[in-house]
Amino acid sequence: MADEWWDPRGKFRPLHKFNPVRLAYIRDTACRAFGRDPKAPEPLKGLRLLDIGCGGGLVSEPIARLGAEVVGADAAERNVKTAAAHAARTGVAVDYRHTTAEALAAAGETFDIVLNLEVVEHVENPAAFLETCAGLVRPGGLTVVATLNRTTKAFALAIVGAEYVLRWLPRGTHEWSKFLKPEEVERPLTSAGLEVFDRRGVSFNPLLDEWRLSKDMAVNYMIAARRPA
Ligand SMILES: C[S@@+](CC[C@H](N)C(=O)[O-])C[C@H]1O[C@@H](n2cnc3c(N)ncnc32)[C@H](O)[C@@H]1O
Ligand SMILES: [Mg+2]
């Protein structure tokens, strides 16, 4: 199972392909917010970070290597086991937990950074989920949410292109109707007391076979928000 999540040409290929872009974005955004040097060996040292919906740990592990104290949480036990098995092999310390955002909130846990990557388009009630996750952000802390936009372009690229033509993802991975417009991500964050401070598109360039940050939020995008200190 660990091999499936961590196989760059396997079922989770798209996550691997855009991993460098999102990791750099998270590192740089966190360094700016917390006054850290992104070139330091462990720039996120001492910061407590939650990776909610961590899956196989494709983000938790590299972020823990940057020095953050990482809790990787996922509602699927199988994924948590996969992630923990991989981290045990590579010797990276991540606190993987089979739990939910609601349970973490009920336990009164808070974090400097809450990552919410490619999860909201899979949950039953995204607004309630986003509000709960926002509640886990400490004063002065931040969250990064990454998801897919509910546009015709996203239907063409993320569903028809990625699932049917290129077969990057198994058919049925995504339901277009569950994609979220940026304002649908921002509304629950702001009603939970956060301030949105950055919005980015993440776009694929087929000629270079490469993902990069862009201004185009029509397909994949990320939103960063903080809780005032
Ligand atoms: C597409 S994967 C994304 C994995 C990882 N965040 C990444 O981007 O590499 C979505 C993950 O969210 C988890 N998930 C879905 N709903 C959840 C919830 N309510 N709470 C926690 N995890 C959830 C799923 O089990 C799955 O592992
Ligand atoms: Mg997804």
Self-check item: Cβ pairs under 6 Å, 6+ apart, first in segment 113-124 and in a loop (DSSP other than H, G, I, E, B), second more than 12 Å from ligand 2 (Cβ to nearest atom) and aromatic (Phe, Trp, Tyr)
Solution: Val123/Phe129
Quiz item: Of the residues that make up segment 8-24, is at least one more than 17 Å from Asp198 (Cβ to Cβ), part of a loop (DSSP other than H, G, I, E, B), without any contact (Cβ under 8 Å) to a residue 40 or more places away in the chain and open to solvent by 60 Å² or more (accessible area, probe 1.4 Å)?
Solution: yes
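Filter segment 25-60 for residues that are surrounded by 16 or more Cβ atoms within 10 Å (Cβ to Cβ) and touching a Cys at 6+ places or on another chain (Cβ under 9 Å); which is farthest from Pro139 (Cα to Cα)? Break it down stepwise before answering.
Taking segment 25-60 first, the residues surrounded by 16 or more Cβ atoms within 10 Å (Cβ to Cβ) are 25-27, 29-31, 33-34, 36, 43-44, 47-60.
From what's left, touching a Cys at 6+ places or on another chain (Cβ under 9 Å): 43-44, 50, 52, 60.
Numbers: Pro43: 20, Leu44: 17, Leu50: 15, Ile52: 18, Ser60: 22 Å.
If we take residues in segment 25-60 being surrounded by 16 or more Cβ atoms within 10 Å (Cβ to Cβ) and touching a Cys at 6+ places or on another chain (Cβ under 9 Å), then Ser60 is farthest from Pro139 (Cα to Cα).
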Quiz prompt | Subset of segment 127-155 that is open to solvent by 10 Å² or more (accessible area, probe 1.4 Å) and of a type in the set (Ser, Thr, Tyr) - its residue that is nearest to the chain's Cα centre (by Cα) | solution = Thr132
Practice problem: Tell me which residues, restricted to segment 158-181, are in contact (Cβ under 8 Å) with a residue 60 or more places away in the chain and closer than 18 Å to Phe12 by Cβ. | Solution: Ala158, Ala162, Trp168, Leu169, Pro170
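Give the residue, chosen from Glu109, Glu124, Glu184, that is open to solvent by 10 Å² or more (accessible area, probe 1.4 Å), farther than 24 Å from Phe12 by Cα, charged (D, E, K, R) and within 16 Å of ligand 2 (Cβ to nearest atom). So that I can check it myself, show each step before the final result.
On the way: Glu109 fails: within 16 Å of ligand 2 (Cβ to nearest atom); Glu124 fails: farther than 24 Å from Phe12 by Cα.
Only one candidate qualifies: Glu184.
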Exercise. Residue by residue through segment 194-214, note down the ones that are touching a residue at least 24 places away in the same chain (Cβ under 8 Å) and among the hydrophobic types (A, V, I, L, M, F, W, C).
Key: Leu194, Val196, Phe197, Val202, Phe204, Trp211, Leu213
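The values are calculated or read from the model by the stated rules, or taken from the named source; none is laboratory data. What you see is a predicted model; the values in this text were computed from it and never measured. Ideal geometry is used to build each Cβ from the backbone, glycine not excepted, and the neighbour counts take in all protein chains shown. We work out accessible area using only protein heavy atoms, side chains counted, and drop any ligands, DNA or RNA first. Shrake-Rupley method; radii C 1.70, N 1.55, O 1.52, S 1.80 Å.
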